[in-house]
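Report on one structure; see the data block that follows.
Readers should treat all values here as calculations from the given coordinates under stated rules, not as data from a laboratory. Just so you know, these numbers come straight off a predicted model, no measurement behind them. Cβ coordinates were reconstructed from backbone atoms using ideal geometry, including for glycine residues, and neighbour counts include every protein chain displayed.
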Amino acid sequence: MGKEGEELTEQETAIYDRQIRVWGVDAQRRLSKSHIFVSGLKGTVIEFCKNIVLAGVGSLMLNDDRLVTEELLSANFLVPSDENVTRGKSLAELCCESLKDFNPMVSVSVEKGDLANFDVEFFQKLDAVVISCCSLLTKKSVNAKCRKSPRRVAFYSVECRDSCGEIFVDLQNYSYSKKKNEETIECHLQYPSFEDAIAVPWRSLPMRTSKLYFAMRVIERFEELEKRNPQDVSAGDLPNVLKLRKELCEARCMNESQIPDLLLQRLLAARVEFPPVCAIIGGVLGQEVIKAISGKGDPLKNFFLFDAMDGKGIIEDISNINN
Amino acid sequence: MDTIEVSNLNRQFLFRQKHVGQSKAKVAREAVLKFKPHIKITPYHANVKDPEFNVDFFKQFNVVLNGLDNLDARRHVNRLCLASGVPLVESGTTGFLGQVTVHVKGKTECYECQPKPAPKTYPVCTITSTPTKFVHCIVWAKDLLFAKLFGNKNQENDLNVRSTDASSSSEHTEDVFEHRVDEDVEQYGRRIFDHVFGYNIEVALRNEETWKNRNKPRPVYTRDALPPRPIEQNGNKDKASNTGDPSSVSAMASLGLKNPQDLWSLRENSEVFLEALGLFFLKREKEIGQLGFDKDDQLAVEFVTSAANIRATSFGIPLHSLFEAKGIAGNIVHAVATTNAIIAGLIVLEAMKVLQNDVKSYRMTYCLEHPSRKMLLMPVEPFEPNKSCYVCSETPLTLEINTHRSKLRDFVEKIVKAKLGMSLPLIMHGVALLYEVGDDLEEDEVANYAANLDKVLSELPSPVTGGTILTVEDLQQELKCSINIKHREEFDEEKEPDGMVLSGWTPALATEKNKTSDNGPSSSNASQTVPLEPEDDDEIEIILKDPEILSAGKKRKSTDISVAADSEISSVTGAMLIKSKVEADDSHSDVMVDGNLDTNKKKRVQ
C-alpha cells in the first residue's frame with residue numbers, strides 16, 4: 001500500500017470503518033480529496049448525492065436553479081414537505097442544506113447558473129461531473145468541455161423515464177490495476193464521448209443490444225427536434241415519436257421491432273419519478289463514480305440500462321473503440 | 001431493538017451523528033415523517049422474536065420486508081410469515097453484493113427451503129494446538145484466552161485441557177490464570193504471557209508426533225519479546241487513569257500507538273498485551289468474570305489483537321493490524337451506501353409485485369460486483385417450495401443419537417434450539433409431554449421439566465429409544481415437526497462434535513431448481529457468485545395489505561406500515577410491516593418500525 005497524503009482522522013476511521021473494509025484506506029483518502037459537480041437535482045441524482053456524501057467525498061457542488069414544485073419533489077427525500085421552508089428557494093439551495101447535515105466532513109455548496117454556460121476552466125477543477133435533465137445539446141457540450149480539461153474529468157449523464165433508467169459513462173482514457181489470483185494486472189479502457197457513442201451505427205451493434213438503449217435515443221432525438229424542455233413529453237406525443245422511430249430505423253437499417261411501441265409508450269407517459277428506480281440507478285451511479293475516483297474496481301463501459309419491468313440491469317458497450 | 005452506532009452512519013442515511021445510541025426504529029420513523037408527513041408509522045423498539053409479535057400480529061400485514069442481520073431472526077420471521085400466510089421479501093448485502101428474494105407460501109420456496117451455510121467453525125485442536133491461519137489465532141485469543149481471563153469462570157474452556165497436558169496437573173493450571181491477591185498486575189500479566197506463549201508451547205513441542213509434518217512453533221517469553229527491565233510507562237499510565245469513563249480506556253492510547261492500520265512489532269504487541277491486561281484489572285475490575293468479547297470494546301479488541309499476533313509469531317503466521325483483527329474477531333460485514341440503495345430499490349419493486357399479486361413477475365435478484373452475461377443486476381425466477389423442507393412442508397427429520405448417553409438437555413440445546421431454530425419449544429412423545437417452555441407453567445411442571453432435562457433419553461418417564469418418533473413444536477412460530485430417533489453408539493469427536501446427527505432435510509433436486517428466467521443464467525451460477533447468507537448489518541421487512549396502493553402512485557392512499565428496524569437497506573435495521581388501504585383523497589398511512597433484533601451471533605470453537 002503506497003502512502004499518499006495525510007492519514008485519515010480518528011473520526012473518519014470510525015465513520016467510514018465498514019466501507020474502508022471494502023475499498024481500503026488509500027481509496028478512502030482519494031475519495032476525501034475529490035471534487036464532484038452535479039446538475040439536475042431530480043430523484044436519481046438526489047440518491048446519487050446521498051450516496052457519495054455518505055461515502056465521504058471532499059466536496060460536492062449542486063447546480064439546479066429551478067424553484068421547488070410538488071412534481072420536482074416527488075422522489076426527493078432531502079427536502080421537507082413544508083411550504084414555509086421551501087418557498088422562494090431553489091432546488092439546489094434546499095438540497096444543499098440537508099446534504100450538509102448528512103455528513104459534516106463533506107463540503108457541499110450551490111453553483112448557480114445555466115449548465116450550458118459553465119466553461120472548461122470550471123470543469124477542469126473537478127474529478128467527476130454528473131448531469132441530468134438537460135438538453136441533448138448541453139449534454140454533448142458539457143461532455144466536450146470535460147474532455148478539453150488537461151486532467152481527466154470523469155463525465156456521467158443519467159436519465160430516468162418511467163420505471164427505466166440509463167447511465168452514460170465517459171472516462172476518456174482510463175487505466176487502473178486490479179488483482180487477479182495474487183497477480184496485479186494493468187487494465188486500460190478507452191471511452192468515446194457521448195456524441196461519438198450515440199453516433200455508432202445501430203446496425204453495427206449486436207442483435208441483442210438492449211431495446212431500451214434505442215428507445216432512449218428516439219425520445220432524446222424527439223425532444224431535440226421539437227425543442228422541448230428535457231423530459232417534457234407525454235403520451236400524446238406517441239404518434240409523432242412512432243413516426244420518428246420509423247425514420248430513424250429506416251435511415252439506420254434497423255428493424256422497427258427493435259424498439260417496441262409499448263416501451264416508447266411507457267417512457268413517454270411517465271409523469272412522476274419512480275423512487276425505487278431512482279434508488280437503484282442512483283446506487284449504481286454512485287458506485288461507478290466511487291470506482292473512478294478511487295481507482296478500485298472495474299468501471300462500467302459505457303452504458304448501464306435498467307428496466308424494472310424485467311428487472312435486468314445491463315451493461316452495454318456502445319463504441320467503435322476496441323480495447 | 002437495535003440502536004444507532006457510528007459505524008452505521010456511512011450508509012444508513014436516516015441517521016445522524018447526534019442519533020448515536022438511540023433506537024433505530026424510532027429515529028427512522030421521525031426521519032421518514034419529515035419528508036412524508038402523512039403516513040402512519042409505528043416504531044417497535046423490540047426484538048422481533050418477542051412473543052408479542054405472534055402470528056396474529058403478523059396477520060395484520062400485507063407484506064413483510066426483512067432487513068435482518070442474523071440467521072436466527074430471519075428463520076423466525078420466515079416461520080411467522082408462513083404461519084400467518086403473509087408474503088416475505090428477504091434481502092441482504094455484503095460489500096458490493098446483495099440479493100432480494102420473495103417468499104410466498106405455496107408459491108415460492110420459503111427462506112429455509114435450502115440449507116444455509118453454517119457459521120464457520122474450527123476443530124478444537126486446530127485452535128488449541130496447531131493453528132495455521134491468523135483467524136485460528138484470533139479464535140484462540142477471543143474465545144479461549146479472553147474468555148478465560150475475563151469471562152465467566154464457570155464456563156467450559158478448552159484452554160487448559162489441551163494446551164497443557166498431563167505433565168501439569170489440572171490443579172496447577174487452574175491456579176495459573178488466577179490473579180493472586182497480593183500480586184502486582186504487571187507481574188501477573190507477565191506470568192500469564194510466559195505461561196500461554198512460552199510454557200504451553202514448550203509443553204506442546206514435547207508431543208513430537210504432532211510436529212512430524214508441521215512447522216514447529218517457537219515459544220515466546222516476555223524476556224525475549226520485551227527489554228530486560230519492565231518498561232516504564234508510569235507517566236503515560238497516570239494520564240490514562242485520569243480519564244473517568246471506563247469504556248474509553250485504551251492500551252493504544254496509553255502507549256502512544258495511533259494508527260489502527262499499522263502492523264505492530266512483536267515488542268509492540270507484547271506491550272499492548274500487558275497494558276491491556278493491566279488496564280482491565282486496574283480500570284474495569286468490576287466487569288472481570290462477566291465480560292464477553294465485543295467488537296466495539298476497544299480494550300478487548302486491543303487485547304485480542306495483541307494476543308493473536310503474539311501467537312501468530314510463535315507459529316510463523318503473518319501478523320495483522322488492529323483494524324484487520326477487529327474485522328475478523330467481530331465478523332464485521334463490509335457495507336456501503338450504494339449497494340444498500342440498490343437493494344432497497346429492488347425490495348420495493350418486489351413488494352409492489354406482491355401487493356399487486358403479480359405472481360408471474362416475482363424475481364430473486366442478485367446484485368453482482370462483476371457483470372455476468374452483461375448483467376450487473378440479475379433477476380432469476382423464484383424456485384418452487386422444496387418438498388422435503390421441514391419448515392414449509394412437514395417432512396419428518398431423522399436424528400441419530402446415543403439414547404443411552406445423551407440427555408434431553410443436549411437434544412434441546414443442540415438440535416431443537418441450535419439446528420431447528422426454535423425458541424419456545426414443546427417436545428412430545430406420543431401424548432406424553434417431555435418438555436415445554438412458557439410463562440404459564442405450574443411450579444410442579446417446571447420442576448418436572450427441569451428434572452427431565454438432566455435425564456438421558458432412554459430413562460425419561462416416557463423412554464426415547466431407537467424407533468421413537470418425537471414431535472417438536474414451537475407455539476410462537478406455529479411450526480411443528482416430527483423427528484425419527486435412531487440409536488447410534490459412537491460419534492466422531494472432530495467431525496460430529498455434537499454427538500448427534502440430524503438429517504432428512506435435503507436441498508431440492510438440482511433439476512427442479514434450474515428454472516430460470518428467459519435467457520437468465522442458471523441458479524447454480526447465481527449462488528456461486530453471491531453468498532447465500534450474507535450476514536450483514538443491514539436489512540428490512542415490510543408487510544403491505546392492499547395492492548392498489550401501488551397503482552403507480554396516482555391515487556392517494558392510506559398506508560399502514562410498520563417497520564422493525566435492524567436493517568440497513570433503507571437505513572433501517574429490522575422488519576418493516578406495511579398495511580395499506582386505498583381511501584380516496586386522503587393520505588394517511590401506518591408504518592411500524594421495530595428496531596430489532598438480537599444481534600448475538602453464535603459462534604463456537606468446535
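Can you compute the FRET efficiency between B:Thr395 and B:Lys153 using 1/(1 + (r/R0)^6), with r the Cβ-Cβ distance and R0 = 51 Å? Round to the nearest 0.05.
Working: r = 43 Å, r/R0 = 0.85.
E(calc), rounded to 0.05, equals 0.75.
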Could you tell me the relative contact order of the range B:397-503? Use alpha-carbon pairs under 8 Å, at least six residues apart, and round to a whole percent. 41
For the range B:426-477 and the range A:15-67, what is the separation of their Cα centres, given in Å? 58
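Step through the table entries B:Lys49/B:Lys107; B:Lys59/B:Lys105; B:Lys417/B:Lys495; B:Lys36/B:Lys59, compare each Cα-Cα distance with 22 Å, and write down the pairs that go over it.
On the way: B:Lys49/B:Lys107 25 Å; B:Lys59/B:Lys105 14 Å; B:Lys417/B:Lys495 20 Å; B:Lys36/B:Lys59 26 Å.
Where the Cα-Cα span goes over 22 Å, the pairs concerned are B:Lys49/B:Lys107; B:Lys36/B:Lys59.
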Partner chain coverage, peptide B:2-10 - average Cβ within 10 angstrom: 4
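May I ask you to sort A:Val57, B:Val348 by Cβ crowding, counting other Cβ atoms within 10 Å and putting the fewest first?
Values: A:Val57 27, B:Val348 24.
The most exposed by this proxy come first: B:Val348, A:Val57.
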Using a 10 Å cut-off on Cβ atoms, rank the peptides B:28-34, B:219-225 from the highest mean neighbour count down. B:28-34, B:219-225
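Across peptide A:30-43, what mean number of C-beta atoms from other chains lies inside 10 Å of a residue's C-beta?
Values: counts 0, 0, 0, 0, 0, 0, 0, 0, 0, 0, 0, 0, 0, 0.
Per residue, the number of nearby Cβ atoms from other chains is 0 on average.
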For B:Leu434, other-chain or 5+-apart residues with amide H closer than 5 Å (H placed, Pro excluded) are B:Ile427, B:Met428, B:His429
Between A:Ile167, A:Ile15, A:Ile259, where does the largest GNM mean-square fluctuation fall for chain A, given springs only between Cα atoms within less than 10 Å? A:Ile15
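Give the average, rounded to an integer, of partner chain Cβ atoms located within 10 angstrom of each Cβ in A:301-311. Write down the numbers at each step before the final one.
Working: counts 0, 0, 0, 3, 1, 4, 0, 7, 2, 6, 17.
Across the residues of A:301-311, the mean count of other-chain Cβ atoms within 10 Å is 4.
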So, in nm, how far is label A:Arg208 from label A:Leu225 when the simple model puts each one 7 Å beyond its Cα toward the Cβ? 3.2
Residue-wise HN-Hα coupling along the range A:262-271, computed from phi with Karplus coefficients 6.51, -1.76, 1.60 (Hz; x: Gly, Pro): 4, 5, 4, 4, 4, 5, 6, 6, 4, 9
Comparing A:Lys145, A:Lys296, A:Lys180 in a Gaussian network model of chain A (Cα, 10 Å), the one with the largest mean-square fluctuation is A:Lys180
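For a Förster distance of 30 Å, can you work out the FRET efficiency between the beta-carbons of A:Ser177 and A:Ser107, rounded to the nearest 0.05? Spell out each step's value before the answer.
Values: r = 30 Å, r/R0 = 0.99.
Efficiency at R0 = 30 Å is approximately 0.50.
Assign one of three labels to chain A, namely rounded, prolate or oblate, based on the Cα gyration tensor with a ≥ b ≥ c the square roots of its eigenvalues; rounded applies when a/c is under 1.5, prolate when it is not and a/b is larger than b/c, and oblate otherwise.
Working: a/c = 1.85, a/b = 1.25, b/c = 1.48.
Oblate, since a/c reaches 1.5 and b/c is not below a/b.
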Which of A:Leu205, A:Leu300, A:Leu264 fluctuates most in a GNM of chain A (C-alpha springs under 10 Å)? That residue is A:Leu205
